[in-house]
Amino acid sequence: MDVRFLGGAREVGRSAVLIDDRLLIDHGMLAGTPPRFPVGDVDPDAVVASHGHLDHVGVIPALVSGDARPPIHWTPPTRELALTLARDTLKLHGGTFRCPFTELDVQRVTQVSRTHGYREPFTAAGYEVTFHDAGHIPGSAHVLVDDGETRLLYTGDFHTDDQRLVTGTASRPAADVVICESTYADVEHEDRAAVEQRFVRSVETTLWEGGTVVVPAFAIGRTQELMLVCEEYDIPCYVDGMGTQVAEMLRRHPEFVRDADALRRATSHARFVTGRDGQRRRIADQPAAIITTSGMLSGGPAMTYIPEIRSNPVNKVTMTGYQVEGTPGRDLVETGSAEIGGRRMPVSAQVEQYDFSAHADHAGLRTFLEPYLEAGSRLFVVHGDRCSAFAGSLRAEGGDTSAPEVGETVTVGS
């Protein structure tokens, strides 16, 4: 197999891996100004998507523009999430350099879509492909590709510990080659129950004092996880942005969540925001938690809520996910101010950060990779800020491990 890394190598974002110029795994974007897309012009015979996050599926519709019609393979939730993201990108950036596809392209995606469950082998571009539950978000998958001689495992994003929304991955399919994410390779996550308790105590304290808590959260996975936390502890919460659509969609796929009844209760407990008639500004004055996109403050309803609550030191902004360097969310955490709506705003409200990560940490990555290291599998470390360092630590212990660069091609197998 010839494996070309079109993105996601030594960076977090625009994940894309091309096998033998035939099979493309993921095709995402790296958020920023300007956004960055996978390198090179590709015309694959088939596309496989690991999960429905923007950095993995954000520009898949561009693959079916013109005369190209490669079939796109994914799990049912990933299909729906990818289409939701594509329509949101069109709404926000259609017709600009930030959106390299059209409404017609999105319609074409629905025509070439093929959905599969976990552990149900299928054929794509002549390879046998199997999805295994990755425990990251609903529908997320490890992708196992078998050409009859070499078995390649693309981990996608994964978590080895349980979350409220999904169960951690227990899959370890045999593989000769592993392409592994490393987002938190240098981090040890705090115990999730302890994180929840700190978050709940902080939110409850602010509400008792009459303040408002804005909870920026990724629409897919994180919003629903926080809805489950709020329902469990009876915290009054509003949910705004794309996360509302995602919550309703996931109820249609109960087999891909850990506890469908709990998600139903959380959906009933939350109050969904329409944004009509000044609703957001009224909500910003209430003692409640407001779970809203975007998780990195790069757009969405958070752009309304932060200016409304920023001047009161009783209020809080609780960041709940990874903040990419250069985003307003990262600026707010590090400096106490951020560029919101085109101007830099100091924030007097308290700013806190909580590790509700859906990725494996250093220990989780090592636990996942241990059987592959013992078997002598060839390992490629991607999707992280410190890929080379993590690959180097594994190599020092005897692992056949490296960290490829964007655009690099490697030959694996016989």
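Extending 7 Å from the Cα toward the beta-carbon at both ALA68 and ALA260 defines two label points whose distance is 3.6 nm. Each Cα pair under 8 Å and six or more residues apart adds its sequence gap; the mean of these over the residue count of segment 229-285 is a relative contact order of 45 percent. Using 0.36 nm per residue and subtracting the Cα-Cα separation, the extra length available between GLU405 and VAL39 on full extension is 130.6 nm. Within the shell of other residues whose beta carbon sits under 10 angstrom from the beta carbon of ASP146, the net charge comes to -3, with Lys and Arg scored +1 and Asp and Glu -1. Each Cα pair under 8 Å and six or more residues apart adds its sequence gap; the mean of these over the residue count of the chain is a relative contact order of 19 percent. The relative contact order of segment 181-298 comes to 42 percent, based on Cα pairs under 8 Å that sit 6 or more residues apart.
Counting 0.36 nm for each residue step from ALA375 to THR335 and taking away their Cα separation leaves a gain of 9.8 nm. Backbone amide hydrogens, once placed in the peptide plane, bring VAL166 within less than 5 Å of ARG258, excluding anything fewer than 5 places away on its chain. Using a probe of 1.4 Å, the accessible surface attributed to PHE37 totals some 60 Å² when neighbouring protein chains are kept in position.
Under 17 Å from a point placed 7 Å out from the Cα of GLU209 along the Cα-to-Cβ direction: which residues of segment 284-314 have their backbone N that close? Output list for this probe position: 285-290, 309-314. Charges were assigned to the Cβ only: +1 to each Lys and Arg, -1 to each Asp and Glu. The resulting dipole of the chain about its Cα centre is roughly 1420 debye.
Computing semi-axes √(5λ) of the Cα gyration tensor in Å for the structure here picks out one of (i) 29, 27, 22; (ii) 35, 23, 20; (iii) 43, 29, 24, namely (ii).
Charging the Cβ of each Asp and Glu at -1 and of each Lys and Arg at +1, and nothing else, the dipole of segment 22-163 about its Cα centre rounds to 460 debye. When a 1.4 Å probe is rolled over the protein heavy atoms, the share of accessible surface on segment 286-414 that falls to carbon and sulfur comes to 46 percent. On the basis of the beta-carbon distance and an R0 of 25 Å, ASN312 and ALA194 show a calculated FRET efficiency of 0.35. Across segment 139-152, computed HN-Hα scalar couplings (Karplus, 6.51 cos²θ - 1.76 cosθ + 1.60, θ = phi - 60°) run x, 5, 9, 6, 10, 9, 10, 10, 9, x, 10, 10, 10, 10 Hz from first to last residue, x flagging Gly and Pro.
Among the protein heavy atoms of segment 136-183, carbon and sulfur supply 39% of the accessible surface, probe 1.4 Å, non-protein parts ignored. Taken over segment 156-235, the convex hull of the Cα atoms encloses 117 Å³ per residue.
With the whole protein complex present, ARG22 retains an accessible surface near 90 Å², based on a 1.4 Å probe. Subtracting the Cα-Cα distance of SER388 and ARG114 from 0.36 nm times their residue separation leaves 95.1 nm of extension gain. Largest GNM mean-square fluctuation among HIS116, HIS383, HIS359, using the chain with Cα springs under 10 Å: HIS116. Taking GLY398, GLY329, GLY278 as the candidate residues, the one with maximal mean-square fluctuation in a Gaussian network model of the chain, Cα springs under 10 Å, is GLY278.
Top mean-square fluctuation among GLY399, GLY243, GLY221, Gaussian network model of the chain, C-alpha springs under 10 Å? The residue with the greatest mean-square fluctuation here is GLY399.
Averaging Cα coordinates gives a centre for segment 225-256 and one for segment 22-49; these two points are 29 Å apart. Charge dipole of segment 140-261 (Cα centre as origin; +1 on each Lys and Arg Cβ, -1 on each Asp and Glu Cβ, all else neutral): 200 debye, rounded to the nearest 20. Excluding ligands, DNA and RNA, the accessible surface per residue across the chain is 39 Å² with a 1.4 Å probe. A cut-off of 5 Å between modelled amide H atoms, ignoring neighbours fewer than 5 places along the same chain, links ASP400 with LEU379. The residues PHE272, PHE97, sorted by heavy-atom accessible surface at 1.4 Å with ligands and nucleic acids left out, run PHE97, PHE272 from largest to smallest.
Over the Cα atoms of segment 1-146, the radius of gyration divided by the Kirkwood radius equals 0.93; this is the Rg/Rh ratio. A cysteine counts as unpartnered when no other cysteine's C-beta lies under 4.7 Å of its own; in the chain this applies to CYS99, CYS180, CYS387.
The values are calculated or read from the model by the stated rules, or taken from the named source; none is laboratory data. Small disclaimer: the values here were computed from a predicted structure and weren't measured. All Cβ positions, even for glycine, are placed from backbone atoms using ideal geometry, and neighbour counts span all protein chains on display. Surface areas here come from the heavy atoms of the whole protein model, side chains and all, with no ligands, DNA or RNA. Shrake-Rupley method; radii C 1.70, N 1.55, O 1.52, S 1.80 Å.
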